[in-house]
Amino acid sequence: MFRLEGQDRVHAGRLAVIWVILSVIGIVAALQIHYPPYDNSVQGADQSKTMALMTVLAVPIFIGVVLMLVYSAIFFRRRGLELVDGPPMLGNTPVQVAWIGISAVVVLFLAVVGITTLASSSAAQAVGAAGRAIGQSGETGSSTAGGQGPELQVQVVAQQWYFTYRYADYGGVETTHLYLPLNRPVELHVTSLDIIHSFWAYQLGVKADANPGVDNVFHVTPDKLGGFQVRCAELCGIWHGHMADSDGRVVSQSDFDAWIAQQQKDEADIQKALPSYAPYYFPEPLTKGS
Amino acid sequence: MLGRLAFVAGSVVAVIVATVALVGLFMLQRPGTLEGPSTSIHLETVAAVGAAIEWPRPNDPHLDWVSYLPTTILRVPANSTINVQIDQEDGATGLRNPFWGKVFGTDGGNMHVKYFDDKGNPQEGDMTSIDPTLAAHTFAVPDLGVFVPLLGISDNAPAGSANIITFSFKTKGPGVYRWQCFVPCAAGTVFGNGGPMQTLGYMAGELIVS
């Protein structure tokens, strides 16, 4: 039977007390952090909560490891010039069982959290309570583009080196900035006209690959008014670092209606030259003069 | 032993020389700056640097590259109106995204174009958009919201002629604003967006607002 005796018992007790105190302080501190991508959308809030959960679970483990190192450096350091081996240590079954058991519990707990979140997202989609899922399959040609579902359909069109947006529910009007109505579930269809990009609306918690010939579907429900930034998160050429737009806006439904009507009016002349709204487009022309 | 030392020393020297050459001859090389004492910019677009009419660069290492000339590094004053004239000598390629056939962000939301029609007759007028398939290039400063499509020269236009596109736009505060072309006009590169499209001094540029 594993028993601590003498000085070992003192050290273990001291370590346990310090660990508990520091862990409590660390967890309280960790809960004060405002985790990115913050809570400007339902999905962003989910991600922030997951980050908080991960951090709270990691804090006691981090403190335990660091505390053991520091404590050992202070109390078990070599005190003289003479080099002396420590006492030999053989396998310790209770410690090993505790180690593996605790690790397994933590990992399984996180797995259950992840699976439950994914399952609830799928369930939400299935019953039409859209806006909870982070992402869906990006199979080529699997789009529901142009569909009049409960979600606002917005196509994100990446190209070297700018994002434009097409609103399927509004005649496929294309815009230079992304405006979204408050509290309305949005189905983003992310694609590219040339090479691989990545659409990253950081404050909304959306990051989706933009691949040519692929309709990558993501969902987001903005729940706070204000601005957000869009940028490319995939190295895509000389102006990759500039492929950003700080003028994304979450606005009220009435403001959105006025804005989209203005866009349709302003761009009526070029609208007729745009191709029909499609899940994706292939690069055309392929090169100069073709 | 001495031979090995000499080999190592030589290798070190070679690496240093190569690094200095890379940094000095390539990474630090930048095209000249067009510093306008006024707020006017005059540019030329050509299908090949070697075919330039107004600003020839006979010693350019890429004579067959499409390019804006004489440079793509432009220095302009902040919070000012910039008058731009582009002498567009290249033929049409067509826009990959037809949306960029529309003029955005210029004063009045339009541009003035002197061009040659299908029959080679000179024409002139204000335009708010062009047929996207007839675009040769665009002058786009996305962070200023400026997007101007440039009409390709007609096949029947007189030899050595150009479409003259003029427009004005306003700068914001100081900063470095990239500008680019949205037409896949870099012949022979991946999706037409390599080579000159990714190289300062050709189809990639900076608008230095100070």
Within the range B:101-159, tally of residues that are surrounded by fewer than 19 Cβ atoms within 10 Å (Cβ to Cβ) and either assigned to a loop (DSSP other than H, G, I, E, B) or in contact with a Lys or Arg (Cβ under 6 Å, 6 or more places away or on another chain) (or both): 15
Residues of the range B:140-173 satisfying the condition of being of a type in the set (Val, Ile, Thr) and away from chain A (no Cβ under 14 Å): B:Ile164, B:Ile165, B:Thr166, B:Thr171
Scan of the range A:5-35 for residues that are loosely packed, with under 13 Cβ neighbours inside 10 Å and closer than 30 Å to A:Thr221 by Cα, ordered by number: A:Val28, A:Ala29, A:Leu31, A:Gln32, A:Ile33, A:His34
Hey, A:Phe218 modelled with pLDDT of 95 or more and within 16 Å of A:Gln155 (Cβ to Cβ) or not: no
Count of residues meeting criterion [more than 14 Å from A:Leu15 (Cβ to Cβ) and surrounded by 11 or more Cβ atoms within 10 Å (Cβ to Cβ)] in the range A:62-106: 8
For B:Arg178: the one exception among (1) of a type outside the set (Gly, Ala, Ser); (2) closer than 23 Å to B:Arg96 by Cα; (3) in contact (Cβ under 8 Å) with a residue 40 or more places away in the chain: (3)
Residues of the range A:176-230 satisfying the condition of being more than 14 Å from chain B (Cβ to nearest Cβ) and of a type in the set (D, E, K, R): A:Arg184, A:Glu187, A:Lys207, A:Asp209, A:Asp215, A:Asp223, A:Lys224
Matching residues, the range A:1-58, being acidic (Asp, Glu) and free of Cβ contacts under 8 Å to residues at least 12 places away in the same chain: A:Glu5, A:Asp8
Hits in the range B:154-206 - residues which are under 19 Å from B:Gly105 (Cα atoms) and of a type in the set (Gly, Ala, Ser): B:Ser168, B:Gly173, B:Gly175, B:Gly205
Flag if B:Gly192 is crowded, with 21+ Cβ neighbours inside 10 Å, touching a residue at least 40 places away in the same chain (Cβ under 8 Å), farther than 29 Å from B:Asp126 by Cβ and at the interface with chain A (Cβ under 10 Å from one of its Cβ atoms): yes
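The values are calculated or read from the model by the stated rules, or taken from the named source; none is laboratory data. Small disclaimer: the values here were computed from a predicted structure and weren't measured. Here Cβ is always computed from backbone atoms with ideal geometry, including for glycine, and neighbour counts include all displayed protein chains.
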